[in-house]
1. Being in contact (Cβ under 8 Å) with a residue 24 or more places away in the chain and either at positive phi or more than 7 Å from chain C (Cβ to nearest Cβ) (or both) is the filter here; which residues of the stretch B:39-63 pass it?
2. In the stretch B:76-98, is there at least one residue being surrounded by fewer than 16 Cβ atoms within 10 Å (Cβ to Cβ), farther than 20 Å from C:L154 by Cβ and at the interface with chain C (Cβ under 8 Å from one of its Cβ atoms)?
3. Residue by residue through the stretch A:92-102, note down the ones that are of a type outside the set (A, V, I, L, M) and touching a Ser or Thr at 6+ places or on another chain (Cβ under 7 Å).
4. Just to be sure, is A:L227 more than 9 Å from chain C (Cβ to nearest Cβ), surrounded by 19 or more Cβ atoms within 10 Å (Cβ to Cβ) and aliphatic (A, V, I, L, M)?
5. For the stretch C:50-67, check the following and say yes or no: at least one residue is more than 8 Å from every other protein chain (Cβ to nearest Cβ) and aliphatic (A, V, I, L, M).
6. Does the stretch A:262-270 contain at least one residue that is at pLDDT 85 or above and among the small types (G, A, S)?
7. If a residue counts only when it is in contact (Cβ under 8 Å) with a residue 40 or more places away in the chain, which helices (runs of 4 or more DSSP H) contained entirely in the stretch C:1-113 have at least 1 such residues?
8. Counting just the residues of the stretch C:1-37 that are modelled with pLDDT of 90 or more, more than 9 Å from chain B (Cβ to nearest Cβ) and surrounded by fewer than 19 Cβ atoms within 10 Å (Cβ to Cβ), which one comes out nearest to C:S88 (Cα to Cα)?
Amino acid sequence: MADSFDQIFIRAKQWLLSPISCRAPDWLIQVASSLLNIAALLGVFLTLFALISVLERKILGRMQNRYGPNRVGPFGLFQPVADGIKMLIKEDIVPARADKIVHFLAPVLIAATAILALGVIPYGRNMTPFIIDGGILFFFAVGSTTELAVFMAGWGSNNKFSMLGAMRAIAQMISYELPLIITVLPVVMIVGSLNPDKIVGAQSTYSLGFVPHWFVFTPWGATAFILFFVSGLVESNRTPFDVPEGESEIVAGHMTEYSGFKYATFFMAEYIGMFAISGLGVTLFLGGWHAPVHFLEFIPSYAWFFVKLSILLFIYIWLRGTLPRTRVDQIMNFAWKFMLPMAFTCVIAAAVWHYTGRGLRGWLWSLGVIAVVYVTLSILLDTRRKFAPRTYRFAE
Amino acid sequence: MPTLSMLLVVSAALFCIGLLAALSRRHAIFILIGIEMMLAAANLNFIAFWRFAPQPAPPTGVMVAIFAIAIAAAEAAVGLAMVIAVYRHFRTTNVDQLDQLKG
Amino acid sequence: MSTVAFAGIAILTLAAALAAATLQKLMHAALSFAVMFVGISAFFFFLGAEFVGLVQVFVYIGAVAVLIVFTILLTRHDVGKVRGFNWSGVFVAVAVFGGLVWTISKTKSLSIVPQQIKPVTVQRIGELLMTNYVWPLQCVGVLLTAALIGALILVMEEKS
């Protein structure tokens, strides 16, 4: 019974493929199966994108003590439809001296790479769209192609603001790619494989029946998860690291000269990048589609995945509503001077955890390694700037 | 399934296009692009010979290709740094105009 | 089927390479250079070396192509076009290509069809890197560090 709910989408796909699965040649079945996977992926994530775009505005509004959009449909939930219609009927303006081909291809490429990255994440039991042996490497390879697409957007617009925004975006993305990848290294090292299914499988056991063996509950895993999450924030250009799309600083950065549907494509690509990074964080650190306690395993696996994904997305939106924007040089300093050494420390701490036995001793030893490095970095990087006591002024 | 000679012809064509770029363009960055193309063609050769080797074969071709990619990336970085340094000094990237050591 | 795939990938790669070598506008040449690497990575996937294909996309398109476009940006004093094309290079390239094709066609032992293999797994590559190839791995690490430091020193502003 529980199994049938869990595998309901797999059975639906097999039922859809059953007319051709006996008669057609092998490659045709594979192509049809891949197309069904892609259609399902696009359907789910584009709906999630629409939903998150309105939920974000409502949550931000509530955090700012106001209602979000609440006119269109019940509780404003049809707002994405109104936004979509607005974007589609806007005039598509291309600057006269812009490079037409590059200007056109940039949003296509950004959206394509973001959606490609979604293909290797396990969404449930047996529900990975494309099982690649080096799945994690594929994710990062596709993510690093985003930088080239951002550059194409900035250069193709023939606009100084776009160019400056693109350079800032690329500098930021390249700097944070290193901590992003190095924080994934401890997980890959401990599991011994780059296959996301195997990584989820390594987090499937429970000790004492109710403490799951997720990697976030180890000291190196918790540190790596925090570093991964912050790097993911930077890679998706979200506040507090949204210098490339600063509005008050640089108009809209590399997206300045795009209007209408192309701007909607950029917007969509940013959100889908956010989903992909959150999905990867859930897979690597939060146990993928496993339940947190053993007796809750009757709830379908994809439901657990989406619950965890929603929690991470809520934290993204929460950070956007709370923190101000950081300066470009602060972002670079943070990446190279703090995050990179901490990321390397996570690798060493994971090795220490593994070699002192994976129990309580390993936990305490690796916690010690991380604490020593963290305290040393805090002392070394202290700017010794004293701040005046805070004064509050209220409107009279 | 293509034969080994077809694959070798493709990689020879890629090598010669890289040679064309390296020999006939006058911009320093194009020459570097040509060199990268030649390195990629050589990588393709390694993988092709590994694939067509009598089985069971050790994955030597794959390992050499991985190291060759790393070395090519390092060489591209240093080459581009040199192009930037030369541009700062001479304000040109046309290799025909960098002839101060001639004669 | 696989011959069709091979022909498609070969046409894509060679067309992009030719565009990168002959286009006049620098940016377009750099971008078709990136497309060429997608083609070569597709070749690697086709031949069963998936890890190398992924590393190729990661290193070349994610890093080398971005480096090249950045350098093009930092070193331009005119817009777009670069004059100068040396036609003798075309003759040399065609001659070399002719020689290579003649050599390949004369070698009878090269007209072989591959056998079925299992694609080499990432785990196998990792094992080999840590046992048989550990010295090259360390040397490549030292080389990359030296290249990084050297490149940084080359482009540092001189304080004089």
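The values are calculated or read from the model by the stated rules, or taken from the named source; none is laboratory data. None of the values given here were measured: they were computed from a predicted structure. Note: ideal-geometry Cβ built from the backbone for every residue, glycine included; neighbour counts use all protein chains shown.
1. Once the filter is applied, which keeps residues that are in contact (Cβ under 8 Å) with a residue 24 or more places away in the chain and either at positive phi or more than 7 Å from chain C (Cβ to nearest Cβ) (or both), the stretch B:39-63 yields B:L39, B:A41, B:A42, B:N43, B:N45, B:F49.
2. Yes, because at least one residue in the stretch B:76-98 is surrounded by fewer than 16 Cβ atoms within 10 Å (Cβ to Cβ), farther than 20 Å from C:L154 by Cβ and at the interface with chain C (Cβ under 8 Å from one of its Cβ atoms).
3. Within the stretch A:92-102, the first condition is being of a type outside the set (A, V, I, L, M), and the residues that meet it are A:92, A:95, A:97, A:99-100.
Scanning the stretch A:92-102 gives A:D92, A:P95.
4. Yes, satisfied.
5. Looking for residues that are more than 8 Å from every other protein chain (Cβ to nearest Cβ) and aliphatic (A, V, I, L, M), one finds none in the stretch C:50-67, hence no.
6. Yes - at least one qualifying residue is present in the stretch A:262-270.
7. Working: elements: C:2-22, C:26-46, C:50-56, C:65-74, C:88-106.
The qualifying helices (runs of 4 or more DSSP H) are C:2-22, C:26-46, C:50-56, C:65-74.
8. Applying the filter and picking the extreme gives C:A19.
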